[in-house]
Amino acid sequence: MIKQKVTIALSGVIAKYLESKGVTESVNFTVEVPPKNIDADFATNAAMLIAKKVKINPRITAREIIDIISKELPNLIEKSGIAGAGFINLHVKNDVLYKELKTILREKNKYGSAAANAKKKILLEFVSANPTGPLHIGHGRGAAIGDSIARILKHLGYSVSKEYYLNDVGNQMLVLANSVEIRYKQLKGEKLEFPADHYQGDYIVDIAKRLIAGGGKIEEIDFRKESVKDILKTIKDDLKDFAVEFDNWFYEETIASVKDKNGKTDVDKDCRYLLKKGDAYEKDNALWLASTKFGDDKDRVLKRSDGRYTYLASDVAYHKSKFERGFNKLINLWGADHHGYVARIKACVQMFGFSKEDLDIILYQLVSLVRNGQPVAMSTRSGEFITLKSVVDEVSKDACRFFFLLRAPDSQLEFDLELAKKQSSENPVFYVQYVNARCNSILKEGKNRADVVSDNEKVNFDLLNLKEERDLIKQLAAFYDTLALSEKTMSPHHFTAYLMELADIYHKFYEKCRVLTDDDALASARLKLIEGVMIIIRTGLGLLGVSSPDKM
RNA sequence: GCGCCCAUAGCUCAAUUGGAUAGAGCGUUUGACUACGAAUCAAAAGGCUAGAGGUUCAACUCCUCUUGGGCGCGCCA
């Protein structure tokens with residue numbers, strides 16, 4: 001958190017400067033890592049922003065601020081200078097870097113956590129694919145992004161619960177049950193036509209086969225329950241192989257079918273509540289949600305004129321239950337094809353007395369599948385889908401997750417199956433994992449030496465003063481910034497970029513600086529640096545759900 | 001027709017959310033293993049950030065329009 005320290009120290013300096021100029025308002029300056037060609041650790045745009053307010057040349061303002069910095073922050077800033085239109089470039093003292101490295105060595109995989117965040121209870125809902133078939137590759141992207149966001153938020157100290165919402169009632173389930181039943185009968189020798197609008201996949205036949213193997217009379221089989229159970233097991237297994245586990249599986253049945261002693265479901269009660277409150281109304285024999293009151297384009301039907309509820313009614317009750325269970329922050333990760341749904345759900349949480357900021361909806365663009373440049377059609381109904389499992393089996397869990405997390409959620413992702421296979425040997429994930437393997441070898445070798453010092457307090461960190469060593473420590477500390485950025489943007493892809501850059505800096509250090517030199521003191525210090533690299537690489541890959549093998 | 005997302009190197013994508021000379025990987029070309037792992041490193045080539053205006057000291061980033069793609073717009077889920 002070096003950058004944070006610099007930022008805090010600078011705000012003090014700048015407040016002082018503004019006061020001396022008689023300015024009462026504050027400026028929203030930034031501290032950033034300058035481009036590679038600039039020789040400085042950090043840069044701030046403060047002078048340019050202040051110059052505008054006090055109407056002085058920014059370079060003069062910068063000069064005056066630098067004077068205060070050198071007087072006030074001698075323990076933090078080694079030197080500073082003016083560049084370009086009025087940037088202030090800052091070199092931090094080496095001691096600051098060493099102190100941060102020691103913090104990493106001490107806190108290990110907890111580096112970057114903030115205990116104060118624990119009181120925020122977050123419910124992260126993702127995947128939530130209908131249990132009508134195995135997960136396909138698009139669900140895989142959602143699973144990778146959602147799981148990684150959960151890991152990042154947990155690392156930051158938040159209390160996070162991962163939830164899968166299961167649409168186990170409704171029309172689709174009847175079609176599913178019927179699909180299995182027809183296959184069942186066909187297997188039993190009945191000559192039946194299989195309807196074109198039913199689920200075509202082979203897994204339907206597999207379920208029917210298992211039911212036959214289980215014995216029992218056809219009249220006694222609940223095809224809906226059995227099919228959901230079967231498919232759910234497949235989904236859970238596939239997710240597990242993808243290193244994704246949920247804390248809770250929320251069945252739609254519990255709010256839409258389960259009745260209390262008065263014969264009412266949660267959906268009944270919530271709709272009545274909204275009607276009473278005036279956020280729902282009756283028209284044309286149907287019950288409408290007055291979502292336009294909260295910015296939706298049009299009002300939506302909750303209950304059809306024939307008395308059946310819509311899918312939305314369940315979803316309204318579901319979101320109410322999220323808050324009722326004590327969560328004060330909701331995050332929904334949806335495929336971009338659901339974007340039309342955002343306004344109405346945002347409206348409904350507000351009807352229940354929460355602010356629209358309490359619900360964060362992240363949309364991820366769908367994956368378009370390509371094989372050798374030819375688009376592959378993806379539809380659960382057609383049966384022509386590529387399952388998550390097949391891809392994971394083909395390119396490995398680590399490569400698959402890393403690949404999905406390489407891109408920002410809102411960029412469309414083209415997934416070429418042949419390319420993915422090819423990348424199993426060239427994928428950047430191996431570039432990052434290789435760092436860990438190399439470090440591990442060195443540490444192992446280092447343990448054979450009796451002369452190295454392992455006590456953090458006795459190691460002379462001052463010996464780490466080459467550019468490559470400073471760069472490496474700075475990058476380790478930037479783990480902290482990457483966490484903050486990922487939280488702010490709700491996107492894990494910053495971590496793949498960060499880790500690749502860390503790997504790059506490490507490999508350069510490796511070429512330039514031999515760790516196990518004859519100089520015991522230097523070897524000891526560099527071994528500590530290696531230890532720090534391993535901590536960050538392992539923790540960072542862990543946030544992506546990617547493993548860190550010691551050998552490759 | 002309306003709405004949301006996107007357009008950056010030959011390909012797939014970044015760019016610390018408005019900062020300095022727009023960066024990686026793959027692919028192409030050239031070099032480096034007699035010390036800790038060559039799954040690596042060093043170097044070259046590759047760009048009018050789709051186009052046109054505007055705001056700003058500063059625009060890939062914000063605003064307007066145009067073009068071209070993806071998705072959505074049901075008393076379906």
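We did not get these values from a lab; they are worked out from the coordinates using the rules stated. Model, not experiment: these values are computed from the prediction. FYI the Cβ positions are ideal-geometry reconstructions off the backbone, even for glycines, and counts take in every protein chain you see.
What to note about this one:
- Cubic angstrom per residue, convex hull over Cα atoms of the stretch A:427-544: 100 Å³
- Each Cα pair under 8 Å and six or more residues apart adds its sequence gap; the mean of these over the residue count of chain A is a relative contact order of 16 percent.
- Shown is the FRET efficiency for A:E324 and A:I212, computed with R0 = 45 Å from the Cβ-Cβ distance and rounded to the nearest 0.05: 0.60.
- Backbone N under 17 Å from the A:L466 label point (7 Å along Cα→Cβ), restricted to the stretch A:428-448: A:439, A:442-443
- Convex hull per residue volume in Å³, alpha carbons only, for chain A: 214 Å³
- Placing +1 on the Cβ of every Lys and Arg and -1 on the Cβ of every Asp and Glu, with nothing else charged, gives the stretch A:2-92 a dipole about its Cα centre of roughly 200 debye.
- Only Lys, Arg (+1) and Asp, Glu (-1) charged, at Cβ; the stretch A:427-544 dipole about Cα centre in debye: 240 debye
- Extension reserve of the A:E414-A:S305 stretch, reckoned as 0.36 nm per residue once the Cα distance is removed: 35.0 nm
- Subtracting the Cα-Cα distance of A:E394 and A:D202 from their residue separation scaled by 0.36 nm leaves 67.1 nm.
- Förster radius 56 Å - calculated FRET efficiency between A:K79 and A:N248, Cβ distance, rounded to 0.05: 0.55
- Counting Cα-Cα pairs of the stretch A:204-292 in 5 Å increments starting at 0 gives whole-percent bin shares of 3, 10, 13, 13, 12, 13, 11, 12, 8, 4, 1.
- Rg and Dmax, both from the Cα atoms of the stretch A:381-473 and both in Å, are 20.8, 67.
- Farthest toward the positive end of the dipole of the stretch A:427-544, out of A:F430, A:H494, A:L529, is the Cα of A:F430, where the dipole comes from beta carbon charges about the Cα centre.
- Entries in A:K5/A:K119; A:K108/A:K508; A:K162/A:K225; A:K185/A:K259; A:K52/A:K79; A:K5/A:K458 that, when Cα-Cα distance is taken, lie over 28 Å: A:K185/A:K259
- Label positions at A:I8 and A:S355, each projected 7 Å from the Cα along the C-beta direction, are separated by 2.5 nm.
- Between A:E190 and A:A116, residue separation times 0.36 nm minus the direct Cα-Cα distance comes to 20.2 nm.
- Convex hull volume of the stretch A:71-148 per residue (C-alpha atoms, cubic angstrom): 232 Å³
- The ranking of A:E253, A:E64 from fewest to most other beta carbons within 10 Å of each one's beta carbon is A:E64, A:E253.
- Helices in chain A, meaning DSSP H runs of at least 4 residues, each add -39500 (n - 2.57). Divided by all residues, the mean residue ellipticity at 222 nm is -16000 deg cm²/dmol.
- Antiparallel bridges, percent of DSSP beta bridges restricted to chain A (to nearest 5): 50 percent
- Between A:H338 and A:Y281, the simple label model (points 7 Å from Cα in the Cβ direction) yields a spacing of 2.9 nm.
- In the stretch A:2-92 the Cα-Cα distances spread across 5 Å bins starting at 0 as 3, 15, 29, 28, 17, 7, 1, 0 percent of all pairs.
- Check: chain A dipole with +1 on Lys, Arg Cβ and -1 on Asp, Glu Cβ, in debye: 1080 debye
- Label-point separation in nm, A:S257 to A:T292, each point 7 Å along Cα→Cβ: 3.6 nm
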